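The values are calculated or read from the model by the stated rules, or taken from the named source; none is laboratory data. Values in this document were obtained by computation on a predicted structure and should not be read as measured data. Every residue, glycine among them, receives a Cβ derived from its backbone with ideal geometry; neighbour counts consider all protein chains shown.
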Amino acid sequence: MQNLEERMKKTIESTRRTLSTIRTGRATPDLLSRITVDYYGSMVPISQVANISVVEGNILLINVFDANAIENVERAIMKSDLGVTPQRDGIVIRLILPDLTAERRQELAKIVKKQGEESKISLRNIRQDFLNEKKKDDSVTDDDVKHFTGKAQEIIDKYNREVEEVIKDKEKEILSV
C-alpha cells in the first residue's frame, strides 16, 4: 500500500511540474523548463546553458553562459510553443511575454483540464497495476484482494481530489486577469 501511495504522490508532483510550465500571465523561469537546446551535439535543458531570471512582471532575462550557444538558445525558444520572439542583446536574451488574451486563457484552461484527466488516468493505471500484482500473488486470498481493492479505491479517491484541487487552482490562476 505504501508503494501505491508513493507512486500516486509522484504522479501528483509530475502534474504540478507540468502545470508550472503553462503560462499564466506572469513571467517565471519554469516556462522555459521544457525547452532543450542543441549544445555541441547534445540536447540539454536551457537551464544548463543559461541563467534565467525575471526582470519585471512579464520579462524573462536569459544570460547564456557560452557566447557560441546563443544562436542555438534563440532557435530553441523560437521553435517552442511559447509564441514569443527572443530579443538578443549581446549574450543576453530578453523574452517579453505579451498579456494573455481571453481566448488564449480559455485555450490554456482546456490544456490544464486535459492534463488533469491524464493525471487521473495515470492514477487509475497505478491502481490497476497494484491490484493485478496482488491477484497474481498466490499467497493473497480473494478476501485479501477485496480488502486491497477497497483500500486502493480510498487512496485513489484521495489523490483524485488532490488532482481536482491542483487543476482548479491552476485554472483560477490562468483565468484571473
- Could you check, for the range 85-104, whether at least one of its residues is under 27 Å from Thr11 (Cα atoms), among the polar types (S, T, N, Q) and either in contact (Cβ under 8 Å) with a residue 60 or more places away in the chain or not assigned by TED's automatic domain parsing to the domain that holds Val163 (or both)? no
- Being in contact with a strand residue (DSSP E or B) (Cβ under 9 Å, 6 or more places away or on another chain) and in a loop (DSSP other than H, G, I, E, B) is the filter; apply it to the range 1-38 and report the residue that is modelled with the lowest pLDDT. Arg26
- Message: Any residue in the range 145-157 that is assigned by TED's automatic domain parsing to the domain that holds Asp129 and hydroxyl-bearing (Ser, Thr, Tyr) sitting within a Cβ distance under 8 Å of a residue that is part of a helix (DSSP H, G or I) and surrounded by 12 or more Cβ atoms within 10 Å (Cβ to Cβ)? List the pairs, counting only those 6 or more apart or interchain.
- Response: Thr149/Leu131
- Of all the strands (runs of 3 or more DSSP E) wholly in the range 39-81, which have at least 1 residues that are under 17 Å from Val92 (Cβ atoms)? 50-56, 59-64
- Query: If we keep just the residues of the range 96-105 that are assigned to a helix (DSSP H, G or I) and surrounded by 13 or more Cβ atoms within 10 Å (Cβ to Cβ), which is modelled with the highest pLDDT?
  - Reply: Arg105
